[in-house]
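Here's a structure for you.
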Ligand SMILES: Nc1ncnc2c1ncn2[C@@H]1O[C@H](COP(=O)(O)OP(=O)(O)OP(=O)(O)O)[C@@H](O)[C@H]1O
Ligand SMILES: [Mg+2]
């Protein structure tokens, strides 16, 4: 059986694509040393998975793998998350808490979405990297940490430095080795094998006896642009497995999820950084990109796929009949409005 994703090792990764082969080769090198690594790749390309794999293949595998996403952290929480705090250090600190750097001692700390770190977080992280020591909030005792650093980003850190958004000194500290993970559209020749692997795993999980993909269904899959990369692939295969009640995946079982990449960008304000026209109301170049609109389109799609059978639609969507009715009412407003 395939190892579960967080227990995957670099040696388990296979590819026939030269860019991906380079990425695996560099990951093997990275796993044999403590050099700080930056994983650069679009969303869904497998950065988090590769960070786990490098850790699992490294001499630190028995230590902890500790993730930290500084972009989602308020400045007030930041220090206690990174360095921990003593009981009573501030109002509400009822117990002593170990910080991420302390927990990762002897293991790996994974700094996710590093490009979005606030200036304060950048200063704090730089200090630990420079001195290898820190103190918990409310304590004067210096603690040492020996944590290996792996970072992930979907934008070039060098560009962030150039635009004054990322500290250059921190960039040099973090960037021992940059590993570029190719987008799925740049390894198209691997799509049939990747789809087949995902389908095998997904059919097994769902207890389905699917044996083939109809050529027309495969054509649809191969023609898709996969901007959500492996995450989108895995999501699509899971959905088509759900829809398929026979042995063969047919074209109408293939449904691509709403445009997750643009939806995310439009709702978290990254749209302008990607050079798109965005009017601030979730609309881009006339298209409604809000999450609510994506949900409506998805519900509508699944409802039609399920031959407008509400019980089946609710089961496929994993929601109650009552919730589905509410969504369907919204869908009908949508079609009346358009
Ligand atoms: N090598 C792989 N083989 C099979 N599936 C993979 C592989 N890499 C990633 N995936 C699938 O893609 C999904 C996304 O991977 P992951 O979370 O590592 O991407 P990411 O680059 O960290 O995305 P984000 O930028 O959004 O954090 C995983 O949950 C998994 O389903
Ligand atoms: Mg990730």
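Throughout, read-outs are computed from the coordinates displayed, never taken from laboratory work. Since the structure is predicted, the reported quantities are computational estimates derived from the model, not experimental observations. Neighbour counts are summed over all protein chains in view; Cβ atoms, including those assigned to glycine, are modelled from backbone coordinates with ideal geometry.
Give me the three principal axis extents of the chain from the C-alpha atoms, as integers in angstrom, largest value leading.
66, 44, 40 Å, listed from the longest principal axis down.
Here's another thing I want to ask about it. Separation of the stretch 1-62 and the stretch 107-169 by C-alpha centroid, Å?
21
To the nearest 10 degrees, how steeply does helix 321-337 sit against the main Cα axis of the chain, on a 0 to 90 scale?
70
Here is a further query. With each run of n ≥ 4 DSSP H residues scored as -39500 (n - 2.57), what mean residue ellipticity at 222 nm is computed for the chain after dividing by its residue count and rounding to the nearest 500 deg cm²/dmol?
Result for the chain: -13500 deg cm²/dmol, rounded to the nearest 500.
Which angle from 0 to 90°, rounded to the nearest 10, does the C-alpha axis of helix 229-243 make with the longest principal axis of the chain?
The helix 229-243 is inclined about 40 degrees to the chain.
Also, I was wondering about something else. Hey, fewest Cβ within 10 Å first, where do 91, 16, 153 land in order?
91, 16, 153
Which parts of the stretch 88-113 would a label at residue 173 reach, counting a residue when its backbone N lies under 20 Å from a point 7 Å out along Cα-to-Cβ?
99-113
Right, something else. Taking the Cβ-Cβ separation of residue 225 and residue 105 as r and a Förster radius of 51 Å, what is the calculated FRET efficiency to the nearest 0.05?
So the FRET efficiency works out to roughly 0.75.
For residue 123 and residue 62, what is the calculated FRET efficiency with R₀ set at 41 Å and r taken between the beta-carbons, to the nearest 0.05?
Efficiency, from the Cβ-Cβ distance: 0.80.
Here's another thing I want to ask about it. Relative to the longest principal axis of the C-alpha atoms of the chain, give the angle of the C-alpha long axis of helix 191-206, reported between 0 and 90° and rounded to the nearest 10°.
The angle comes out at about 80 degrees.
Taking the Cα-to-Cβ direction at residue 165 and at residue 206 and moving 7 Å from each Cα, how far apart do the two end points lie in nm?
3.7
With a 10 Å cut-off between alpha carbons and a GNM built on the chain, which of 132, 318, 41 moves the most?
Largest GNM mean-square fluctuation: 318.
Got a sec? How would 113, 130 order by Cβ neighbour count within 10 Å, fewest to most?
130, 113
At residue 35 and residue 238, where each label point lies 7 Å from the Cα along Cα→Cβ, what is the point-to-point distance in nanometres?
3.5
Extension gain residue 321-residue 133, at 0.36 nm per residue separation less the Cα-Cα distance, in nm?
62.2 nm
Rank the residues 24, 150 as a footprinting-exposure proxy: fewest other Cβ atoms within 10 Å of their Cβ go first.
Ordered by Cβ neighbours within 10 Å, fewest first: 24, 150.
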